[in-house]
Amino acid sequence: MRALPGAATASIAVLVWGAPMAVASPASRAIDALNRQRAEHGIPGGIVEDPRWSKGCRQHMAYLERNRLPLAHEQDSSLPGATPLGAEAGTSSVLGYGRFTRPDGNPWENAPIHLMQLLAPDLSVTGYAHGCMWTWPGYLRHPPPAPVLYSYPGEGATIYPAQVAREKPFVPGDFVGLPEGTRTGPHLYVLAAGTGVGEIVSATLSGPGGDVPVRVVDNSTPTVGRYLPAGGVLIPVRPLRSGSRYSVTVELVDETGTILSRVWSFRTYPRGSVNPRLRLRVGSRVVRVRSRSGARSRLTVRSLPSRRVVYRGAHRGPLARSLRLHLPPGRYRACVRQAPNRLYARARACSSTHR
């Protein structure tokens, strides 16, 4: 978080850009969002909450915040706020800084290992608090009558044409020549149910320009493979074309020698067609901006009724941002405009406040 100079008037004392936006997102809402995301791609939903696990997540995140620690799965029992339940949650969950805010707003969308754990067909029970969601202990779903492969994106689904994966301690691409920060096509997940770990023995991705080279990471990949639920990930080495249809064929052999196959197709969003869902909220001291797009935006704050500009600035960065204002009593109106980019459309939002 970085303090920036104030605007031209003395009424703005400090600007903080990049602080997380506080949006209420209880466990039930997060689990509903995950269930909907899974169902939309043909992956079994119906995940339920274990309230005790949600309590553990709250305790672990509070422990990290209280001790001003970066994200970490383990707890030091000598530090304040450490609890047995919180420690259990830390080692049983995916961790992150984002929040579920919409049915399609999975905060781990660009963290492939974390996302794959959340999409695993076996997941049927979880617990959640902002930044923490249980995975492995919740793999309690009854197996299907016969082994099956699911995928994300699912059959006929539409997904972003490009992706930059970021997570710690590593991303799947680190092991196949596509290190963290590389712009690739969307990660394509192959998710097995009713079987053990496996190895992808063949995979093809074809689109309007023919076959697209992919790199494969699965349970047999050294180091990272043990972090993945049964299945693997196909990573297109370059972004896909916008507004295009792609077909995938994959074969996986599980640890018993059973061969599973899946053939499916998906589409990519057309260029500049996706609504970034730009949102703006103006409080007595804080202007909050949230958007799915990281494109350049311009924020203007005016006093009313004079419409005198008290702040104007352009910004590029994270999806959630906060502008802290020290304004004298009065009426104010803030508007933010966001430029289009390869995926997201142009957007504008305004909001007013009186203090």
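Pro208 satisfies every condition listed in (1) within 22 Å of Ala111 (Cβ to Cβ); (2) in contact (Cβ under 8 Å) with a residue 24 or more places away in the chain except (1).
Report yes if Ser244 is over 21 Å from the mean Cα position of the chain (by Cα) and of a type in the set (Gly, Ala, Ser), otherwise no. So Ser244 fits the description; yes.
Of the residues making up the range 13-55, those that are in a loop (DSSP other than H, G, I, E, B), under 16 Å from Tyr139 (Cα atoms) and either modelled with pLDDT under 95 or not aliphatic (A, V, I, L, M) (or both) number 4.
In the range 118-159, what residues are part of a strand (DSSP E or B), of a type outside the set (Gly, Ala, Ser) and under 15 Å from Lys55 (Cβ atoms)? Of everything in the range 118-159, those that are part of a strand (DSSP E or B), of a type outside the set (Gly, Ala, Ser) and under 15 Å from Lys55 (Cβ atoms) turn out to be Val125, Thr126, Tyr128, Cys132, Met133, Trp134. Looking at the range 112-128, can you tell me whether even one residue there is more than 23 Å from Gly181 (Cβ to Cβ), at pLDDT 95 or above, surrounded by fewer than 19 Cβ atoms within 10 Å (Cβ to Cβ) and over 12 Å from the mean Cα position of the chain (by Cα)? Among the residues of the range 112-128, at least one is more than 23 Å from Gly181 (Cβ to Cβ), at pLDDT 95 or above, surrounded by fewer than 19 Cβ atoms within 10 Å (Cβ to Cβ) and over 12 Å from the mean Cα position of the chain (by Cα), which makes the answer yes.
Among the residues of the range 130-144, are any within 13 Å of Ala30 (Cβ to Cβ), open to solvent by 10 Å² or more (accessible area, probe 1.4 Å) and in contact (Cβ under 8 Å) with a residue 40 or more places away in the chain? Looking through the range 130-144, at least one residue is within 13 Å of Ala30 (Cβ to Cβ), open to solvent by 10 Å² or more (accessible area, probe 1.4 Å) and in contact (Cβ under 8 Å) with a residue 40 or more places away in the chain.
Please work out which residue is farthest from Tyr63 (Cα to Cα), limiting yourself to the range 74-88 and to residues that are open to solvent by 40 Å² or more (accessible area, probe 1.4 Å) and under 24 Å from the mean Cα position of the chain (by Cα). Filtering first and then ranking leaves Glu88. The set of residues in the range 114-129 being polar (S, T, N, Q) and touching a Pro at 6+ places or on another chain (Cβ under 7 Å) consists of Gln117 alone. Looking at the range 168-229, the strands (runs of 3 or more DSSP E) lying wholly inside it that each contain 3 or more residues that are closer than 30 Å to Pro145 by Cβ and open to solvent by 60 Å² or more (accessible area, probe 1.4 Å) sit at 198-207.
The values are calculated or read from the model by the stated rules, or taken from the named source; none is laboratory data. Since we're looking at a predicted model, the values are computed, not measured. Here the Cβ is made from the backbone with ideal geometry for all residues, glycine too, and neighbour counts use every protein chain on show. Heads up: the accessible areas ignore ligands, DNA and RNA and are worked out on the full protein's heavy atoms, side chains in. Shrake-Rupley method; radii C 1.70, N 1.55, O 1.52, S 1.80 Å.
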